[in-house]
Amino acid sequence: MFVFPDVGFGGLQRELISQGFPVWGHHGGDVIETNRGLFLKTLEDVGMQVPGYKVIQGLTALREHLRDLEDKWIKISKWRGDWETLHWRDWSHDESTLDCYAYQLGPAKDLIKFYVFDSIETDIEDGIDTYCIDGEFPSVVMHGCEMKDKGYVCSVQELSDIDKRVSIVNERFSPILKQYGYRGFFSSEVRIKDDLSYFIDPTCRSASPPSQVMVELFENIGEIIWRGANGECIDPLPTAQFGVQVLMSIDRDKNEWAVMDIPDSIRQWVKCGFSCEINGRVCIPPHQCENMIGWLVATGDTIDEAIKNLKDYAEELPEGVDCDVYSIAHIMKEMQTAKEEGIDFSDHKIPDPSSVIDS
């Protein structure tokens, strides 16, 4: 079996399939994520909400377009890493950001197509993290909230129990993914405003988060992948009801390696990226993410238990390694807001955000 956890390599996946190998991956369906224009057209085709937007060719034209505008969201296609989603406040605050991008992109700055979106006035960004096999989703999924580059909290829920404003993505995109013969991970980011849902970003890969905690929450993750690559969608076997993860960082010069001894007692819960192991130590070379080195994860049968476990693991991290456990308080607040709008993550009570800080 061949496993492709990321976007790209669609041609190679199809070639391996033609040779009779089972392949876990998007099978070419990653264009839904990497081609912004195609994604927006697909939203229209399946009858979903599309926020107002304009397409601008090149950074020079983008500067002129934004000069008198406020509160816009700017995205691109394909070149993730060169440009992350940018919230444009106004010219006086963010002109210098465009200057930085002009320097970074150099002579290629006007080759890039930008999508400038109207702001969706809501505090609720929700999503489902799961996998899809030939258009079929499992009946049990992860339903979570994320604070970008900080933390993530999820519950394990029946897909049928999740608010339709969120699960509509899986319903409407099922036939689209089936057309590609899609057999891999799939995550959604949905902004909810009143009774309307805006599917703003598809993730046709093993997302980060929540892949790090998913491998601890789903006991049979290996069987899911093996049988999924062979065309059979099976349900996950949860080890716990809730999962949390927070980003880890380390105090180091951006040009030096990070070398860490991870205690055996928490090794299972430390998920480092861009890393290798040498003589039993986790070694992370210099890379573009500089101080970010991975994620600390925890699970529990209540949110309180998962957070307590996370805090206990954080106490055992090596000297110089830090994680923002308190970002979970922000996510708790967002989950409470969602609950007030009728979106439930669980039958369990959502802890007060202050409990994350006080405990």
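Along its first, second and third principal axes, ordered by size, the stretch 159-250 spans 39, 36, 27 Å in Cα coordinates. When Rg and the Kirkwood Rh are both derived from Cα coordinates, the Rg/Rh ratio for the stretch 150-198 amounts to 0.99.
Checking the Cα-Cα distances for K54/K148; K150/K254; K54/K109 against a 22 Å cut-off, the pairs over it are K54/K148.
Considering only H330, V246, G342, and ranking their Cα positions along the charge dipole of the stretch 229-359 that arises from unit charges at the beta-carbon of Lys, Arg, Asp and Glu, the one farthest toward the positive end is V246.
Per residue, the accessible area of the chain comes to 48 Å² when a 1.4 Å probe rolls over the protein heavy atoms.
What the Cα atoms of the stretch 196-238 give is an Rg and a Dmax of 12.7, 37 Å. Panel note: the C-alpha atoms of the stretch 111-190, placed on their principal axes, show extents of 34, 34, 23 Å (largest first).
Helix-only mean residue ellipticity at 222 nm, the chain, DSSP H runs n ≥ 4 weighted -39,500 (n - 2.57), per residue, nearest 500. What is it? Counting only the DSSP helices, I get -9000 deg cm²/dmol.
Computed over the chain, the alpha-carbon pair-distance distribution with 10 angstrom bins reads 5, 22, 31, 29, 12, 1, each value a whole percent. Pair-distance distribution P(r) for the stretch 7-153, from all Cα-Cα distances in 10 Å bins starting at 0: 9, 29, 34, 20, 7, 1 percent. Annotation: amide H of V140 within the under-5 Å range of L159, sequence separation 5 or more or interchain, hydrogens built in the peptide plane.
Taking the stretch 208-345 on its own, what percent of its Cα-Cα pair distances exceed 22 Å? Counting every Cα pair in the stretch 208-345, those more than 22 Å apart make up 47 percent. Apolar share of the accessible surface for the stretch 270-352: 44 percent from carbon plus sulfur atoms, 1.4 Å probe. For a modelled paramagnetic label at L40, 7 Å from Cα along Cα-to-Cβ, the residues of the stretch 101-125 in reach, with backbone nitrogen under 20 Å, are 109-122. Counting only protein heavy atoms and a probe of 1.4 Å, the accessible surface of the stretch 97-220 is 46% carbon and sulfur.
Shown here is the pair-distance distribution of the stretch 231-297: with all Cα-Cα distances grouped in 5 Å bins from zero up to the longest one, the shares run 3, 14, 23, 21, 13, 9, 8, 6, 2, 0 percent.
The values are calculated or read from the model by the stated rules, or taken from the named source; none is laboratory data. Predicted model, so just to flag it, every value in this text is computed and none were measured. We place every Cβ from the backbone using ideal geometry, glycine too, and count neighbours over all the protein chains shown. For the accessible areas, the whole protein counts, side chains as well, though only heavy atoms, and no ligand, DNA or RNA atoms are used. Shrake-Rupley method; radii C 1.70, N 1.55, O 1.52, S 1.80 Å.
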